[in-house]
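Peer 1: Here's a structure for you.
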Amino acid sequence: MKKNKYLLLISSLGVLALLVAAAVSENFLKEWHAIQGQARTQEGPIDVRLRQIVNPDLKKADRCVTCHVGMAPGEQILSDSKVAQPHKNVVHDTATMGCTTCHGGQGQATEKDDAHGNVHFWTEPMLPAKYAYASCGTCHTPLNVPNLETLSTARKTFERLDCYSCHRLDGRGGTLRPGGETGMEGPDLSHVGLKGYNQNWYTAHAQKNVEAQGGPWRRFQGGQ
């Protein structure tokens, strides 16, 4: 009986030691602790903690920003460390879009190899940066996805031609028609990048402009 008690005591102490070692490793010895410990903002050091981006629409929860802390929402990192730098300007807001949608990898992992998907049980390793553009087809399957320069030109054109008068886009516009009438004349275009659109829309707009006797369609002067 005594032997069993000693065996139970030794086993319990062994389990406790393992738990303590795991807690110390997880909370003090991980690589991301050192990365965040060196990161600075104008106010000084940042809080050392797990960070993540949750995107319910895409059903993504990425902890990549635990190491790439400069890409986390609201962070203004001044560190010279390459891994802590902010993301370069792209079409989407990376602080809300997340990382794995475009780059692949294992979003909820916090160890480098696990997060990058360089493990035998993970089938979606990170794409090389030069191939990240190919991931646009993950969501935008119906369209030929434009580059950033083309998208910027399109946004400016949308503003210049006052398309917001009749169309709503990401919560803006579509509330005041030309002539002071209220309401939205055209469809909401917020999700057109996912659903696709009628390629002949311009011809249809121009034709309605010709046929209209008044009202909003007379505002549209053939796209000029």
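Taken together, the values in this text are just the output of simple stated rules run on the coordinates, not laboratory data. Note that this is a predicted model, so its numbers are computed, not measured. Using ideal geometry, Cβ is built from the backbone for each residue, glycine included, and neighbour counts are taken over all protein chains shown.
Peer 1: How large is the translational diffusion coefficient of the range 78-153 in µm² per second when you combine the Kirkwood radius over alpha carbon pairs with Stokes-Einstein at 37 °C and 0.692 mPa s?
Peer 2: For the chosen part, D equals 233 µm²/s.
Peer 1: Per the helix-only calculation at 222 nm, which mean residue ellipticity applies to the chain, given -39500 (n - 2.57) for every DSSP H run of n ≥ 4 and division by its residues, nearest 500 deg cm²/dmol?
Peer 2: -9000 deg cm²/dmol
Peer 1: When only C-alpha pairs under 8 Å and at least 6 residues apart count, what is the relative contact order of the chain, in percent?
Peer 2: For the chain, the relative contact order is 10 percent.
Peer 1: Here are some values of semi-axes √(5λ) of the Cα gyration tensor in Å: [x] 37, 17, 15; [y] 53, 19, 17; [z] 28, 21, 17. Which one was computed from this structure?
Peer 2: [y]
Peer 1: Moving to a separate point now. Determine, from the Cβ-Cβ distance of residue 18 and residue 140 and an R0 of 35 Å, the FRET efficiency 1/(1 + (r/R0)^6), rounded to the nearest 0.05.
Peer 2: For residue 18 and residue 140, the calculated efficiency is 0.15.
Peer 1: Let me ask something else. Of the candidates 88, 60, 112, which one comes out as most mobile in a Gaussian network treatment of the chain with C-alpha springs shorter than 10 Å?
Peer 2: Looking only at 88, 60, 112, the biggest GNM fluctuation is shown by 88.
Peer 1: Starting from 0.36 nm per residue, how many nanometres of slack lie between residue 96 and residue 151 once their C-alpha separation is accounted for? Write down the numbers at each step before the final one.
Peer 2: Values: separation 55, 0.36 × 55 = 19.80 nm, distance 1.89 nm.
Additional length available on full extension: 17.9 nm.
Peer 1: Further question on the same structure: For the chain, with a Gaussian network of springs between Cα atoms less than 10 Å apart, report the residue from 172, 49, 63 with the top mean-square fluctuation.
Peer 2: Of the options given, 172 has the highest mean-square fluctuation.
Peer 1: In whole Hz, what ³J(HN,Hα) sequence does the range 71-84 give by Karplus (6.51, -1.76, 1.60; θ = phi - 60°), x for Gly and Pro?
Peer 2: Values, residue by residue: 9, 6, x, x, 8, 10, 7, 9, 5, 7, 4, 4, 5, 9 Hz.
Peer 1: Report the Cys residues of the chain lacking a disulfide-compatible partner, meaning no second Cys Cβ under 4.7 Å from their Cβ.
Peer 2: 67, 102, 136, 139, 163, 166
Peer 1: Which residue, 191, 116, 140, has the most motion in a Gaussian network model of the chain that connects Cα atoms within less than 10 Å?
Peer 2: Of 191, 116, 140, the Gaussian network model singles out 191 as fluctuating most.
Peer 1: Loop only per DSSP, at most 14 neighbouring Cβ atoms within 10 Å: give me the chymotrypsin sites (Phe, Trp or Tyr not before Pro) in the range 43-142, ordered by residue number. List each step's numbers first, then the result.
Peer 2: Details: sites: 121, 122, 131, 133; in loops: 121, 122.
Here the sparse-neighbourhood loop sites are 121.
Peer 1: Assigning unit charges at the beta carbon (Lys, Arg +1; Asp, Glu -1) and nothing else, what dipole magnitude in debye, to the nearest 20, does the chain show about its Cα centre?
Peer 2: Using Cβ point charges on Lys, Arg, Asp and Glu, the chain gives about 380 debye.
Peer 1: Which whole-number percent is the relative contact order of the range 30-138 (Cα, under 8 Å, 6+ apart)?
Peer 2: Reported as a whole number, the value is 22 percent.
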